[in-house]
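Engineer: Got a structure for you, written out below as structure tokens; questions coming shortly.
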Amino acid sequence: MVLGAGAVGGVVGASLHQSGQEVALIARGEHYRAIREGGLTFERPGRSVTLEIPVANAPAALEWTGDEVVLLAAKSQDTAAALIDLRAAAPTTTPVVCLQNGVENERIALRLLPNVYGAVVMAPTAHLEPGVVQAYGTRGVGVIDLGRYPAGVDHLCENMASALTEAGISSRPRPDIMRFKYAKLINNLLNAVDAIVEPGPQGDELTRLAQEEGRAALSAAGIEFVAEEVNDVIGRWRRLDVQPIEGRPRAGSSTRQSLARGAPTLETDYLNGEISLIGRLHGVPTPVNDALGELSERHLRERRPPQSVPAEEVLARARAGHYADGPVRR
């Protein structure tokens, strides 16, 4: 069961379906209606296919046998509501694999259900219109490594990794999956910059500052975030051979895609906001991440187009007296 059939969930579900796995999708709104009425269109470089995959608009609309595995691919801000619905419909022992950015989803899931797995996802995918998802790799769909939360590997991890690999998704079990997820969190601090800030050297500097704050906050908290095999993951990503899809330019980060779709909420509070939280708990200034969180929310509220905020506006906000975190270094 794929709970959240967007850029990641839709592509993973489509790939597993094509490899012969039994898959059902759970989607919302126009995306759900488009899949129900016309199937899920799965686009890749040089080819496109429409797949008839069972779809529902809520976990309660599906029949549960106790043998299912849930791949949770909703945005972090939607996790709690999605899992409350899942708990009401599915057996309590149903495994939940969190295919999401950020590090809070697993904690939320474990409050509600006992069998939780974390996953690091690196996949050049997109979802910008109802009923359609894209994957831009020609030699594979993406990289997904997974492990038990908070740590460890079991037979489900091994079986899932095997099924994903057969579906064209490079996957390996990882006993230290949260170290990987914290490392990915540092990378995902660029999502807000990519979504709201005008492209250019100043935007790159904002990303550097945000990630510098992130590393400082995690270090102060004693959180390990550099896994020994991270270069292996990067190498597997590069072997995907990302190429354009005709008429479908790359849509940027998942946060920029959410803005472009007109989504009502963004995941920034669970990315940059996670660093703000850790920094506040451990006395580490995080003014750039604070500013990116605040301005992303305002950007969404005012319905401004993606990549339209000058980088200097973010830096000015970070320096302003709204924050007691001290000056921003440049």
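Engineer: Taking region 104-118 only, how many residues are part of a loop (DSSP other than H, G, I, E, B) and within 22 Å of Asp269 (Cα to Cα)?
Structural biologist: Total satisfying the criteria: 1.
Engineer: Next up: Among the residues of region 241-251, is there at least one that is farther than 30 Å from Glu129 by Cβ, exposed (fewer than 13 other Cβ atoms within 10 Å of the Cβ), at pLDDT below 95 and among the small types (Gly, Ala, Ser)? First the steps, then the outcome.
Structural biologist: Within region 241-251, the first condition is being farther than 30 Å from Glu129 by Cβ, and the residues that meet it are none.
Scanning region 241-251, I find no residue that is farther than 30 Å from Glu129 by Cβ, exposed (fewer than 13 other Cβ atoms within 10 Å of the Cβ), at pLDDT below 95 and among the small types (Gly, Ala, Ser), so the answer is no.
Engineer: Mind checking which residues of region 25-50 are among the aliphatic types (A, V, I, L, M) and either surrounded by fewer than 17 Cβ atoms within 10 Å (Cβ to Cβ) or free of Cβ contacts under 8 Å to residues at least 24 places away in the same chain (or both)?
Structural biologist: Narrowing region 25-50 to residues among the aliphatic types (A, V, I, L, M): 25-27, 34-35, 40, 49.
Hit for region 25-50 is Val49, nothing else.
Engineer: Residue check: is Ser15 over 21 Å from Leu113 (Cα atoms) and modelled with pLDDT of 95 or more?
Structural biologist: Numbers: over 21 Å from Leu113 (Cα atoms): yes; modelled with pLDDT of 95 or more: yes.
Here the answer is yes, as Ser15 does meet what is asked.
Engineer: Oh, and also: In region 72-112, what count of residues is obtained for those that are of a type in the set (Val, Ile, Thr), more than 23 Å from Arg179 (Cβ to Cβ) and surrounded by 16 or more Cβ atoms within 10 Å (Cβ to Cβ)? Steps first, please.
Structural biologist: Our first condition is that a residue be of a type in the set (Val, Ile, Thr); within region 72-112, this holds for 79, 84, 92-94, 96-97, 103, 108.
Keeping just the survivors that are more than 23 Å from Arg179 (Cβ to Cβ) gives 84, 92-94.
Still in the list and also surrounded by 16 or more Cβ atoms within 10 Å (Cβ to Cβ): 94.
Qualifying residue count for the region: 1.
Engineer: Of the residues in region 271-291, how many are among the hydrophobic types (A, V, I, L, M, F, W, C) and in contact with a Gly (Cβ under 9 Å, 6 or more places away or on another chain)?
Structural biologist: Residues in region 271-291 being among the hydrophobic types (A, V, I, L, M, F, W, C) and in contact with a Gly (Cβ under 9 Å, 6 or more places away or on another chain): 3 in total.
Engineer: Evaluate region 42-57: report whether one residue or more is assigned to a helix (DSSP H, G or I) and not small (Gly, Ala, Ser).
Structural biologist: no
Engineer: Can we say Ala126 is surrounded by fewer than 19 Cβ atoms within 10 Å (Cβ to Cβ) and of a type in the set (Gly, Ala, Ser)?
Structural biologist: No: the conditions fail for Ala126.
Engineer: I need a count of the residues in region 233-262 that are of a type in the set (A, V, I, L, M) and under 15 Å from the mean Cα position of the chain (by Cα).
Structural biologist: Residues flagged as of a type in the set (A, V, I, L, M) and under 15 Å from the mean Cα position of the chain (by Cα) within region 233-262 amount to 2.
Engineer: So which of Ser308, Ser219 is exposed (fewer than 15 other Cβ atoms within 10 Å of the Cβ), closer than 30 Å to Val143 by Cα and either small (Gly, Ala, Ser) or free of Cβ contacts under 8 Å to residues at least 12 places away in the same chain (or both)?
Structural biologist: Exactly one residue qualifies, and that residue is Ser219.
Engineer: Hey, another quick one. Report yes if some residue within region 264-271 is modelled with pLDDT under 95, over 26 Å from Met122 (Cβ atoms) and not hydroxyl-bearing (Ser, Thr, Tyr); otherwise report no.
Structural biologist: yes
Engineer: Oh, and also: Please verify whether Thr165 is surrounded by fewer than 21 Cβ atoms within 10 Å (Cβ to Cβ) and either without any contact (Cβ under 8 Å) to a residue 60 or more places away in the chain or within 19 Å of the chain's Cα centre (by Cα) (or both), treating the condition exactly as stated.
Structural biologist: On the way: surrounded by fewer than 21 Cβ atoms within 10 Å (Cβ to Cβ): yes; either without any contact (Cβ under 8 Å) to a residue 60 or more places away in the chain or within 19 Å of the chain's Cα centre (by Cα) (or both): yes.
Against the criterion (surrounded by fewer than 21 Cβ atoms within 10 Å (Cβ to Cβ) and either without any contact (Cβ under 8 Å) to a residue 60 or more places away in the chain or within 19 Å of the chain's Cα centre (by Cα) (or both)), Thr165 qualifies.
Engineer: Out of all the residues in region 244-253, which are out of contact with any Lys or Arg (no Cβ under 8 Å at 6 or more places or on another chain) and on the phi < 0 side of the Ramachandran plot?
Structural biologist: Listed by number, the residues that qualify are Glu246, Arg248, Pro249, Arg250, Ala251, Ser253.
Engineer: Here are some residues: Val143, Val116. Which one is under 29 Å from Gly252 (Cβ atoms) and either in contact (Cβ under 8 Å) with a residue 24 or more places away in the chain or touching a Cys at 6+ places or on another chain (Cβ under 9 Å) (or both)? So that I can check it myself, show each step before the final result.
Structural biologist: Details: Val116 fails: under 29 Å from Gly252 (Cβ atoms).
Sole residue among the options that is under 29 Å from Gly252 (Cβ atoms) and either in contact (Cβ under 8 Å) with a residue 24 or more places away in the chain or touching a Cys at 6+ places or on another chain (Cβ under 9 Å) (or both): Val143.
Engineer: Consider Asn289 carefully, then state whether it is assigned to a helix (DSSP H, G or I), of a type outside the set (D, E, K, R) and within 16 Å of Val120 (Cβ to Cβ).
Structural biologist: Against the criterion (assigned to a helix (DSSP H, G or I), of a type outside the set (D, E, K, R) and within 16 Å of Val120 (Cβ to Cβ)), Asn289 does not qualify.
Engineer: If Val284 meets every condition in (1) in contact (Cβ under 8 Å) with a residue 40 or more places away in the chain; (2) within 17 Å of Gln211 (Cα to Cα); (3) aliphatic (A, V, I, L, M); (4) outside any loop (DSSP other than H, G, I, E, B) apart from one, which number is that one?
Structural biologist: Here Val284 meets the rest and fails (4).
Engineer: Is it true that Val103 is in contact with a helix residue (DSSP H, G or I) (Cβ under 6 Å, 6 or more places away or on another chain) and under 17 Å from Leu146 (Cβ atoms)?
Structural biologist: Yes, satisfied.
The values are calculated or read from the model by the stated rules, or taken from the named source; none is laboratory data. Note that this is a predicted model, so its numbers are computed, not measured. Don't worry about glycine lacking a Cβ; one is built from the backbone with ideal geometry, like all the others, and counts go over all protein chains shown.
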